[in-house]
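In what follows, a single structure is set out as structure tokens and then discussed.
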Amino acid sequence: MSAPDRAVGVLLGAAVGDALGVPYEYGSRSLPGPGEPARMLGGGLGGYAPGQWSDDTEMACVLAEVAATGADLRTADALDRIADGFLRWFADGPADIGVQTRAVLSAVRPGPGAAARLRARAAELHERTGRTAGNGSLMRTGPVALAHLGDPDAIAAAARAVSALTHHDPQAGDACALWCLAIDHAVRTGQLDLRVGLGHVGPEWAELVDEAERCTPNRFGARNGWVVAALQCAWSAITRGGGFEEGLQAAVRAGGDTDTVAAIAGALLGAGHGGSAVPARWRRRLHGWPGLRARDLTRLGVLAVRRGELDPDGWPGAPTVRSYAGASERTVPHPDDPGVLLGGVGALRPGVADAVVSLCRLGADQAPLAGVAPEDHIEVWLIDGDDANLDLPAVIADAAAAVRELRAEGKTVLLHCVHAQTRTPVVAAAYGALVTGSARAAALRRVTAVLPSACPRPSIVRGWLGSAG
Ligand SMILES: [Mg+2]
């Protein structure tokens, strides 16, 4: 049902964990105090901008771009494309890069056979130093699971093959296989269970997983540059309880390699909770090499699980969504705040507002809207269907909060879906209830009284009205 949302969560979760952990990487700044959340402040070892992801997600994007073509990541051709992508990234001069990864990438030239050359160089480094079990292959491994969803043998083999391009130590390959198998299980079932992959790795991992669950994340903070401790640290943070945000906060709070551990945790948390669990206030600010934003990570995640195929509407690759033709251009002011305009997708025209909150799928040319800053065009994964959303009340609340944040920044906002029948009126009502403090049902009546197209799906209204808060 909702596997695409969870597939999208793998990359979005990793990127948001990465950007959240960047400021605190190896003591770049003091860890947040008790009760104080980690924030996307930028900085860190690479001097990143707020909301910018680092090498962890940069390298994951290379994997995702190859996975999004529908490639089998075990093949020589796909591994060569990944190797070339890593080398292209290295040639672009990343602001931060792991010691091992640099040692391997700096000695290899791109082109046919690049994967074999990387593997050979990684093996040579292992022979020479005996220490190549850094966390640098685990931090990027998430997209491997998406490329082979539902096929554990293929996932384990592909995860090891991609890991070995830079990390020869079998511990790194095992960690990638174990994590990807948990991601696969989470995307397909919504359950977070690291033990599903134990049959594919060495017998020592059962005790390592037990230890991660027994101990708090900070137990692993001092040595989480090592792949085993990084995996244990991430799993320990996830199993402390709470949801998506709490897991990421616990991962950052462990200290050490904060961005990498939070990226690792984020890939699995996002797989379980879905991309829709990543708050809009974080998604809108996410960006990084190679010039991507949250909407691009969404596209790559969807295409990876669809083996590169677009849906019948041409989404998520076509310039516009075909079935939207003929949607009304009309807008009406929100009854509680005239700085918010309500409408359908036809209203999405340059100059309509300073900012946009889109509640439907958009084509590649429709977002960001011309004239609107990329961070001010927020797309929300909200499906107009019965039982079609992972956490309907949370997504509606998050969309309403996004409108409020943009308004607090002094921007006029277009809030729209396709035909302004269900999603626009319900989110508009949630926003109205938020800013006026009135009851939800009354807020919805005020919206439907002014919005002629409003005819909200009963299950969506019930799901929202019936939820607490
Ligand atoms: Mg990093």
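The values are calculated or read from the model by the stated rules, or taken from the named source; none is laboratory data. For clarity, every value in this text was computed on a predicted model and none was experimentally measured. Every residue, glycine as well, gets a Cβ built from its backbone with ideal geometry; the counts of neighbours run over all protein chains shown. The accessibility values were calculated without ligands, DNA or RNA, using every heavy atom of the protein model including side chains. Shrake-Rupley method; radii C 1.70, N 1.55, O 1.52, S 1.80 Å.
Put the Cα centre of the range 282-336 next to the Cα centre of the range 196-226 and the gap is 37 Å. Between the range 245-276 and the range 1-53, the C-alpha centres lie 8 angstrom from each other.
As I understand it, the value is the acute angle between the Cα axis of helix 392-408 and the longest principal axis of the Cα atoms of the chain; what does it come to in degrees, rounded to 10? Computed tilt is about 80 degrees.
Within a Cβ distance under 14 Å of Gly27, other residues only, what is the Lys/Arg minus Asp/Glu net charge? Residues near Gly27 contribute -1 overall.
By DSSP, the beta bridges lying fully in the chain are antiparallel in about 40 percent of cases.
The value of relative contact order for the chain, using C-alpha pairs under 8 Å at least six residues apart, is 18 percent. Largest accessible area first, the residues His377, His273 order themselves as His273, His377 under a 1.4 Å probe with ligands, DNA and RNA left out.
Where in the range 353-375 does the label zone of Ala49 land, with the point 7 angstrom along Cα→C-beta and an amide N cut-off under 17 Å? Residues 368-369, 371-375 qualify, since their backbone N sits under 17 Å from the label point. Computed from Cα positions, the angle between helix 258-273 and the longest principal axis of the chain comes to roughly 60 degrees. Kirkwood hydrodynamic radius computed over the range 3-305 comes to 18.2 Å, based on all pairs of distinct alpha carbons. A viscosity of 1.567 mPa s and a temperature of 4 °C, combined with the Kirkwood radius over Cα pairs in Stokes-Einstein, give a translational diffusion coefficient for the range 55-198 of 87 µm²/s. Estimated at 0.36 nm per residue, the fully extended path between Ala123 and Arg349 surpasses their Cα-Cα distance by 75.9 nm. When the residues Leu292, Leu198 are ordered by accessible surface, computed with a 1.4 Å probe over the protein chains alone, the sequence from largest down reads Leu198, Leu292. Inverting the pair-averaged 1/r between distinct Cα atoms of the range 373-469 gives 13.5 Å as its Kirkwood hydrodynamic radius.
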